[in-house]
Each structure stands twice: as structure tokens, then as C-alpha cells.
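Quick notes on the structure that follows.
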Amino acid sequence: MTDVAQIGEDLAFVKQAVRRRDRRPDLFPVYVAWASYVLVGYVLLDLRPDWGGTFLALAWIPAALVAWRFRHRPTGGDEPLYTADDRRAGLHWGGGIGLAILAGLGLQFVLPHLRGPAGGQVIVVLIGVVYFLGGVHFDRRFLWLGPAMIVGGLSISAIPTLPWTCLGLLVAGGLVLPSLFKRGGARAQAAA
Amino acid sequence: MPKPPPDALSPARPPPAEAPPGLDGLDPLLQHRSRLGAMVLLSTADSIAFSHLRDLLQETDGNLGAQLRKLEEAGYLAVTKQFVGRKPVTRYAIVPAGQAALRGHLRAMEALIKSAKV
């Protein structure tokens, strides 16, 4: 066997090992957790605005715990494996959304006319940008969900009834529906 | 019949007399797929437990242990042993010398493959 052919075989072996490492657990529960958080929080913003703010400020903690639990399940060995990709994803989602919220709150502090619902709109638009970049780097569903959030955030004040509920339905559907279709496709493939 | 030592089953290949471009840059220690696989996996992780590496590479305990020992002796890997509960766990991490060796080896492989395609 030539050296190049042997190298090709070795690389195929390494590729298989890397694929086994990158085999991710089903992230559907993670998307359901975040979709529930967004939907309940946004519905409350319409129906009980005082509760909505408190809910959004506190309920991200259990949602984040669910995300952590499912994303970092052991994928083969007896321990979770943290790779450079995991760190990048953590920095993107945790850091990106955290910074978007801080930037939104900061803007409300220096620009008083952004306080109240307008401040919420700014935060939604900034999170939409983080979602879009998540689509560029991690998961394609965010490529359209990010811009949809930006448009939704900008047009909140133009929607006559239950605007936050409409946006919550859009975001929750955008998070959960692609996973449902993916699951259905995977099951059909497994059954075939 | 006694079993041959693990390395005798798949020895590192010596370069031929007239080496094509890239071949002399290959690291003999990484010309073994288990060692190369372990180094690639470790290059993007802080550290990985032996059992996890074994599962990912689908190697036997004996063979993988022997290959990892060679990398450790060459100064490419750092090894830590700890107890999780009452169970001993051996963890491996790549060190800067190992990262540099892996980068050089992958560059040489790339050059070799390119030269074979011309």
C-alpha cells in the first residue's frame, strides 16, 4: 500500500473518532425549555406586564439549567466532553444574549425615552442579532429566526392587540418546529 | 502462544529511500492511527479520561494504553490520575510540544497528499 493510501485510511479512522465525539444528544428539550420561557414571558408582558418582567428576569435560570443538562450529557464515555466548539457556543449564547440585555438596559439608562416597552423592543432587536449570528455559526434555523425577531421587535408598537404574544409565538415556533420536523425525519429514516 | 506487543501489530512506517515532499516532515510517532487519533481528539479538549478516549477510538485497553504511554514518554501528553468516588480515573491532556508536533505532522500530511494529487 502506498504511503498516501495509508494516510488516507488513517485519516478516515481519525474522522470516525471525531464524528463519535461530535455526536450530540437530542437538543429538543433545550429548545422546548427556551421556547416555553419566551412564550410564557411574552404572554405575561401583554396580560400582566408587572409579572412578565419578573418572570423574564428569573425564569431564564431553570431554562439555562435544562440547556446545560442536556447539552453536556455524556456522549459515549462516562463524562461530558468539553471541546473548543462547546466553549464557543457557550460564549456566543451566554455572552451574546447577556451582553444584548446589558446593552439594552444601558441604553435605557442613558436614553430615558427608551425606558418601558421601547427598551424591551431594543433588547429583542439586539437578541435577534445574536440569533442571526448563531445561525451563521451553529444552527441554520437562527438564520431566519434572528431577522424575524429583529422585524418583530421593531414592529411591536404597530401590532394592535397582544403584540408580545404574537412575537412570543413566532420565536417559540421558530425554536421548536424545526426540531419537530428534524425528529420526524430522523424517525422516518430509522424506520425505512 | 504469547501475544505480540501492541506496537508490533502496527509499527510506525519508516519513510522510503526517495521520500516525496512532506514525507520527511512526518512525525514517526504520529504515523500510527491510534496515536494520531488520540492527539487530534485531545487537541480540542482540555483533557479526556482514558475510558472516553478508548470509546471514541474503539481500541482495546491494552493497545490504547501502550500507544498513549509512547506519547507521554515523548513529552506530547500530560497525564493526571485522580479518584472519582473510589474509582481511579486517568486523564490525558495535550501539552504545547504535542500541539506543535501535531501541527507539523498534519502540515506534512497535507503536503504529501497534495504532491500525490499533482
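The values are calculated or read from the model by the stated rules, or taken from the named source; none is laboratory data. The structure displayed is predicted, hence computed values, not measured ones. Cβ sites come from the backbone with ideal geometry, for glycine too, and all protein chains shown count toward neighbours. Quick note on the areas: whole protein, heavy atoms, side chains included, nothing else; ligands and nucleic acids left out. Shrake-Rupley method; radii C 1.70, N 1.55, O 1.52, S 1.80 Å.
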| Only listed residue being open to solvent by 40 Å² or more (accessible area, probe 1.4 Å), in a helix (DSSP H, G or I), at pLDDT 90 or above and under 15 Å from A:Ile97 (Cβ atoms), chosen from A:Trp51, A:Trp34 | A:Trp34
| Name the pairs whose Cβ atoms lie under 8 Å apart, with the first residue in segment A:86-97 and free of Cβ contacts under 8 Å to residues at least 60 places away in the same chain and farther than 20 Å from A:Arg21 by Cα, the second among the hydroxyl-bearing types (Ser, Thr, Tyr) and part of a helix (DSSP H, G or I), and 6 or more positions between them or separate chains? | none
| Would segment A:44-54 turn up any residue that is among the hydroxyl-bearing types (Ser, Thr, Tyr), more than 30 Å from B:Ser34 (Cα to Cα) and touching a residue at least 24 places away in the same chain (Cβ under 8 Å)? | no
| note | Scanning segment B:36-69 for residues that are under 9 Å from the mean Cα position of the chain (by Cα), at the interface with chain A (Cβ under 7 Å from one of its Cβ atoms) and among the hydrophobic types (A, V, I, L, M, F, W, C) gives B:Leu36, B:Val40
| query | Does segment B:81-95 contain any residue that is more than 13 Å from the chain's Cα centre (by Cα), on the phi < 0 side of the Ramachandran plot and surrounded by 17 or more Cβ atoms within 10 Å (Cβ to Cβ)? | reply | yes
| All positions within segment B:58-96 that are touching a Pro at 6+ places or on another chain (Cβ under 9 Å) and not hydrophobic (A, V, I, L, M, F, W, C) | B:Thr60, B:Gly62, B:Asn63, B:Gly65, B:Gln67, B:Lys81, B:Gln82
| task | For residues that are hydrophobic (A, V, I, L, M, F, W, C) and open to solvent by 40 Å² or more (accessible area, probe 1.4 Å), tally how many sit in segment B:63-77. | result | 1
| Out of all the residues in segment A:90-110, is one or more within 30 Å of B:Pro88 (Cα to Cα) and more than 14 Å from the chain's Cα centre (by Cα)? | no
